[in-house]
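These notes concern the structure reproduced below.
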Amino acid sequence: MTSDDSYRWWQDGIVYQVYARSFADADGDGVGDLAGIASRLDHPAWLGANAVWVTPFFPSPMVDGGYDVADYVGVDPAFGSLRDFDHLVGEAHARGLRVILDLVPNHTSDRHPWFVESRSSPDNPRRDWYIWRDAAADGGPPNNWISEFGGPAWTLDPGTGQFYYHAFASAQPDLNWRNPEVRHAIHDAMRFWLERGVDGFRVDVLWHLVKDEALRDNPANPDYVEGRDPPSRRLLPVYSADQPEVHEVVAEMRAVLDEYDERVLIGEIYLPVDRLVAYYGREGRGAHLPFNFHLILAPWDAREIEAVIDSYEGALPDDAWPNWVLGNHDLPRVASRIGDAQARVAAVLLLSLRGTPTLYYGEELGLRDVHVPDALVQDVRETNQPGRGLGRDPVRSPMPWDSTATGGFTTGVPWLPPGEGNLARSVAAQRDDPGSMLSLYRRLIALRHAERALAVGSYRPVPALGSILAYRRQHAERELLVCLNLAGVAGSLQLPDGFEAGRVLISAAGAAEGTEVRGHLELPGDEALVLEPLAPGGRAARER
Ligand code: GLC
């Protein structure tokens, strides 16, 4: 299935992330499941998404919400069964939705049979599947590495007297990717799902897979500010992640995908742009889409965002396809970060930039982070380091399908509170309201699908000042202008060549479609517009 202009589905399509525990609960236990997701696929299809990425549903003790996998080729009973999975894939494909799975190859659960064997004895054949080391001379951990969830990244195993390494929780021992048997075992798990019709993987913490062979100490981070930064940022991860050998590992994963048609490899990678783009690999041997989180990481300021876009566009290797993300299950929701009005501007930005957009479920509703009372806290990142505001539960609240007490998410007690404010933003409440966030998302997506200039066109920045960000997108003869005001105060833009007169195709703040603008554009606060040029005489210069 290749779209016109020979772009792949993951290039001109839109990815919709479903947090499996929070989308829809079919069996009433308060936790989302595969049957629930299958029953709600009309929503992403109606919205215009082309793929759903489903977060982990594999057998897991749920120490890290399923990112602690105890079996790579099964379904946790809390989420259903393999039959439910096959049903989900069938329902998705019937709606033209691709299915992307989360692959978590950096670590397993400490309950995974591989680790149970590995820890059983220093002579076990699986000992080297994980990273085991003797204590340092002082009896402490082998080096100074810190866990992403706080505390040392090494835990002593009393049975064998050695430490094992875990970049995340102690219940998530890191696999040893220098061991070819580990690579083959994960490749086989990938094939298991690919054979079942999965269209690709989002690979968890891809840049973490390979560690320095000598496990050297990480240097101190000179910019670390106690209290402001999470404890894990005290050191620079010079030796614990992003090692040169990781690219061979990625190339091997890519080769597994390439045994099948039209599958996609997406990598979760938090790195500066120059390091990030290396994950595209050489000659098509890397990830198709190394996730680009820089719209989330950069301050919400027109010049900063412009600099991010320009540096990213400038750094992309030939043939590399860009991508953009505004939120995910690990970071504050965009509406909570920048407010409701700017979240609408952000929607226009995400869906008019060059590159595959990924939406996090509920972003299209303008959902906000929910307050989670201490007694209901689930996230290990919070329980390991309480009171620092590092918990991710607030961004994982149940999808509000309607505005009843449980949002139509479950007939039971939802595992996290849906949040009153979010219930008021339910799908049912917004669907028929032309001014709603949901309607804006749907219209933006429809416009992106209708306009090849937006979906696959070139990107050209337009000089702008203050809070205004502007760029052109062009495909064949058709060129569109995007102007966004990243603040609540009015700004202005001298319309560039070819757009001396333009017409509004879509507006974030409510300017009527078809409104004509000329010469100098006054952009109210919180407004974002996509404009088409008007030919002299006032007719829109369309390519057809
Ligand atoms: C990724 C996941 C996150 C998880 C971590 C460890 O960052 O997105 O949710 O906690 O990896 O697997």
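Nearest 10 degrees is fine. How inclined is helix 437-450 to the longest principal axis of the chain, computing both from alpha carbons?
Orientation of helix 437-450: about 80 degrees from the principal axis.
Grab the Cα-Cα distance for residue 226 and residue 476, subtract it from 0.36 nm times how many residues apart they are, and report the gain in nm with one decimal.
Working: separation 250, 0.36 × 250 = 90.00 nm, distance 5.21 nm.
So the chain would gain 84.8 nm between residue 226 and residue 476.
Quick one: Karplus J couplings for the stretch 19-25, per residue in order, coefficients 6.51, -1.76, 1.60, θ = phi - 60°, nearest Hz, x for Gly and Pro?
Result, ordered by residue: 7, 4, 6, 10, 8, 6, 10 Hz.
Using every pair of alpha-carbon atoms in the stretch 458-533, split the distances into 5 Å bins beginning at 0 and state the percent of pairs per bin, rounded to integers.
4, 18, 31, 28, 15, 4, 1, 0
Would you mind telling me the share, in percent, of accessible area of the stretch 1-134 contributed by carbon and sulfur at probe 1.4 angstrom?
Details: 2210 of 4610 Å².
Roughly 48 percent, rounded to a whole number.
Heavy atoms only, probe 1.4 Å: what % of the accessible area of the stretch 458-533 goes to carbon and sulfur, would you let me know?
Numbers: 1600 of 3010 Å².
Summing carbon and sulfur atoms, their accessible area is 53 percent of the total for the stretch 458-533.
Can you find, among 256, 504, 152, the residue sitting farthest towards the positive end of the charge dipole of the chain, where Lys and Arg contribute +1 and Asp and Glu -1 at Cβ?
504
On a full-extension model of 0.36 nm per residue, what is the gain between residue 178 and residue 413, subtracting their alpha-carbon distance, rounded to one decimal in nm?
So the chain would gain 80.2 nm between residue 178 and residue 413.
Can you pull the Kirkwood radius for the chain, inverse mean 1/r over Cα pairs, to one decimal in Å?
Numbers: mean 1/r = 0.0410 Å⁻¹.
Averaging 1/r across every pair of different Cα atoms and inverting gives 24.4 Å.
Grab the DSSP H runs of the chain that are 4 residues or longer, score each as -39,500 (n - 2.57), total them, divide by all residues and round the 222 nm result to the nearest 500 deg cm²/dmol.
Working: 17 runs with 134 residues, N = 544.
So the helix-based figure for the chain works out to -6500 deg cm²/dmol.
List every residue whose amide H lies under 5 Å from the amide H of residue 157, counting only residues 5 or more places away in sequence or on a different chain, with H placed 1.01 Å from N in the peptide plane.
162, 163, 164
If R0 is 35 Å, what FRET efficiency do you get for residue 217 and residue 259 from their C-beta distance, rounded to 0.05? Write down the numbers at each step before the final one.
Working: r = 40 Å, r/R0 = 1.14.
In this case the efficiency is close to 0.30.
Quote the relative contact order of the chain in percent (integer), defining contacts as alpha-carbon pairs under 8 Å separated by 6+ residues.
Working: 1169 pairs, mean separation 65.0, N = 544.
After rounding, I find 12 percent.
I'd like to check one number: the per residue accessible area of the stretch 458-533, probe 1.4 Å, reported in Å² as a whole number. Walk me through the numbers on the way to the answer.
Values: 3010 Å² over 76 residues.
For the stretch 458-533, the per-residue accessible area is 40 Å².
Compute the separation of the alpha-carbon centres of the stretch 249-272 and the stretch 15-90 and state it in Å as a whole number.
Taking the Cα centre of each part, the stretch 249-272 and the stretch 15-90 sit 22 Å apart.
What is the helix-to-structure angle for 302-315, meaning the angle in degrees between its Cα long axis and the longest Cα principal axis of the chain, kept from 0 to 90 and rounded to the nearest 10?
Value to nearest ten degrees: 70.
Could you tell me how many degrees, from 0 to 90 and to the nearest 10, lie between the Cα long axis of helix 180-195 and the main elongation axis, the longest principal axis, of the Cα atoms of the chain?
So the helix axis and the longest Cα principal axis differ by about 50 degrees.
Around residue 232, under 10 Å between beta carbons, what's the net of Lys plus Arg minus Asp minus Glu among the other residues? Mind dumping the intermediate values first?
Numbers: positive: 233, 234, 381; negative: 148, 229.
Its environment carries a net charge of +1.
The values are calculated or read from the model by the stated rules, or taken from the named source; none is laboratory data. Source: prediction; values computed, not measured. Neighbour counts run over all protein chains shown; Cβ positions are idealised from the backbone, glycine included. Side chains included, ligands, DNA and RNA excluded: accessible areas come from the protein's heavy atoms. Shrake-Rupley method; radii C 1.70, N 1.55, O 1.52, S 1.80 Å.
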